[in-house]
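Taking it in order: structure first as structure tokens, then the write-up.
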């Protein structure tokens, strides 16, 4: 029994006629079809959990009479009826309320008559008695017998609206986000690019599609980028906040920094869709961090400079320390040049037209380069005219900055045309000269060059270089003052020492004075050989405790007084008593002294000691030994007596008098050093002068801070021996 006309029975999901169930041809990929998954067309089975599964799309087929002949499981979910309840029934009566059947009949008739598809929303009666709006897509089907059917594809409107809403939100989030976003497929080809990334890359979104990152980016980081994307695709583990610095076509002249994150995109069933990337421009943060790092490095460099510059009172050493601190953190090459009249303490009027005389004290490079060979050789004096940048620097007392050097700039930096070409070949591109100013006086300048470091010098570098130069200038100024004082003291001291030992009967005499290294002040060491009546000779050696010109002046007074008292032909202990009273009157000074007289007529040497180290007796055929003298107190202590000891001497005997600078060190026990002295002097040759020089060279180290004076006598044949 038919429960209505075909037109009555039709509905939005209907498309058929006839009373019985009709045969529908197999769809591609269906069971029994020759074109299933894995066929030659390359079709692959889809994964569960795709969009169609998420929407739960229902399929209903009705015949020409409007009866349901096919009913999918999803239709049960959508309409509530099982297949047993739905198959064979008229779709309109089962699914539509009476007021909607007429409109459905008209739509069904149009689809079946014209073959035109119809899509729209229709209210459907659910099995539970409620009404739900369902989205329909109706298509006419025809089998191989010519029978026609209507296929209705249906989705619950609420589920569809949920998906559409999500898609709309996603699209708006991507398109309106200030963060760059891209979706790439498994071959790393762009599938989606949002406007923000379009602006970042400087390439239209359409020109991204189908291309890989290497086709888009200028950055040398592109290999690392693609490697990271492949890693995320392979492992599924996201990479978050990866830091990239480079350039894009949007701003090809300036570096930018980006924070990028990569994460794999999967469908509901786990199907890998591709990999997404988000890109945030963090250039401002990068620049701020870079500036903070530069500030930190400047502080470290200044702290390093405080520890390394001015460790000695040597001008040359301080200049080297400045150059070594500046390289490589501030410059690739550094040179320190001091005005020659500053080093020589000459006062020379300066003019704006004439040249300046510079002495190169240090040249340092961070790596081997011909720039160092093109610089002025260390120690040489060069005259530079007013067109030279270093001349301008010292005359104005202001830094000279050439951020980007051109050929004409290099000609005003280098010493000559060949040196300018060497600078150009080495890549010198930025120059900075900073004056060395101490106590208002310009001492010279430090020259800085960058060759490999691509960044030009800037104002921050100028401030840092000025701070380094100021610290070095103070140290150089102090070293120069110390050198002047030391030179004056040494000049005074040498002027008070005998120019050459006099020839004395029965004696051959050699002497040597070696001042301390230049970083230390001259001490008060002295010696003297004084002729006495009756062919006798006085031998004197002493050491005023202290340093500098005051110690040298005190030494001069003692030396002069010793000569005056020696003329009285007093015993050695009386001479020391007189010198003790004199020294006691000298403010803050004490001295050690050894006074000896030798009489060639008797072959005897009479010796008195005031706190001095014992002399060494070298006798042929015997081991050298220290003479056991009463030590006595140093001069200036006052109220202490002195004793005279008599030592017989023979032809060939040698007697060495020396100051403590020969044997005393900061690290070694004095007994060990005296033993070393005895072993050393016993192995030296016959020449007295050569013995003195070799003895000092063997016993002293370059860093020893004290002066040394030696007096070596050898007995010739005497009347006593004859």
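Structure above, values below:
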item: Checking residue 216 against (1) over 14 Å from residue 280 (Cα atoms); (2) surrounded by fewer than 18 Cβ atoms within 10 Å (Cβ to Cβ), the condition it does not meet; result: (2)
item: Scan of region 575-603 for residues that are closer than 28 Å to residue 716 by Cα and over 60 Å from the mean Cα position of the chain (by Cα), ordered by number; result: 575, 576, 595, 596, 597, 598, 599, 600, 601, 602, 603
item: Number of the exception - residue 88 against (1) in contact with a helix residue (DSSP H, G or I) (Cβ under 8 Å, 6 or more places away or on another chain); (2) on the phi > 0 side of the Ramachandran plot; result: (1)
item: Matching residues, region 515-546, being modelled with pLDDT of 85 or more and in contact with a helix residue (DSSP H, G or I) (Cβ under 7 Å, 6 or more places away or on another chain); result: 525, 526, 528, 530, 532, 538, 540, 542, 543, 544
item: Conditions (1) in contact with a helix residue (DSSP H, G or I) (Cβ under 8 Å, 6 or more places away or on another chain); (2) crowded, with 16+ Cβ neighbours inside 10 Å; (3) under 16 Å from residue 398 (Cα atoms); number of the one not met by residue 473; result: (1)
item: Matching entry among 648, 631 (being within 17 Å of residue 539 (Cβ to Cβ) and surrounded by fewer than 17 Cβ atoms within 10 Å (Cβ to Cβ)); result: 648
item: Of all residues in region 651-674 being in contact with a strand residue (DSSP E or B) (Cβ under 7 Å, 6 or more places away or on another chain) and in a helix (DSSP H, G or I), the one that is surrounded by the most Cβ atoms within 10 Å (Cβ to Cβ); result: 662
item: Members of region 243-257 that are under 17 Å from residue 227 (Cα atoms) and buried (at least 16 other Cβ atoms within 10 Å of the Cβ); result: 244
item: Filter result for residue 669 (over 22 Å from residue 506 (Cα atoms) and touching a residue at least 40 places away in the same chain (Cβ under 8 Å)); result: no
item: Any hit, region 193-208, residues being over 36 Å from the mean Cα position of the chain (by Cα) and exposed (fewer than 13 other Cβ atoms within 10 Å of the Cβ); result: yes
item: Residues of region 625-634 that turn out to be under 60 Å from the mean Cα position of the chain (by Cα) and farther than 16 Å from residue 605 by Cβ, as a count; result: 3
item: Matching option when the condition is farther than 20 Å from residue 60 by Cβ and touching a strand residue (DSSP E or B) at 6+ places or on another chain (Cβ under 9 Å), among 191, 140, 133; result: 191
item: Residue count, region 559-568 (criterion: in contact with a helix residue (DSSP H, G or I) (Cβ under 8 Å, 6 or more places away or on another chain) and farther than 14 Å from residue 529 by Cα); result: 0
item: Those residues of region 635-650 which are within 60 Å of the chain's Cα centre (by Cα) and assigned to a strand (DSSP E or B), in sequence order; result: 635
item: Residue among 428, 433 that alone is within 20 Å of residue 455 (Cβ to Cβ) and part of a loop (DSSP other than H, G, I, E, B); result: 428
item: Residue, nearest to residue 246 (Cα to Cα), within region 166-185, restricted to residues that are assigned to a loop (DSSP other than H, G, I, E, B) and out of contact with any strand residue (DSSP E or B) (no Cβ under 6 Å at 6 or more places or on another chain); result: 178
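Yes/no matrix, rows are residues, columns are (1) surrounded by fewer than 23 Cβ atoms within 10 Å (Cβ to Cβ); (2) in contact (Cβ under 8 Å) with a residue 40 or more places away in the chain:
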residue	(1), (2)
393	no, yes
397	yes, yes
408	yes, no
419	yes, yes
432	no, yes
440	yes, no
448	no, yes
460	yes, yes
478	yes, yes
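The values are calculated or read from the model by the stated rules, or taken from the named source; none is laboratory data. What you are looking at is a predicted structure, and each value in this text was computed from that prediction instead of being measured. A quick note on method: Cβ atoms are made from the backbone with ideal geometry, for glycine too, and the neighbour counts reach across all protein chains shown.
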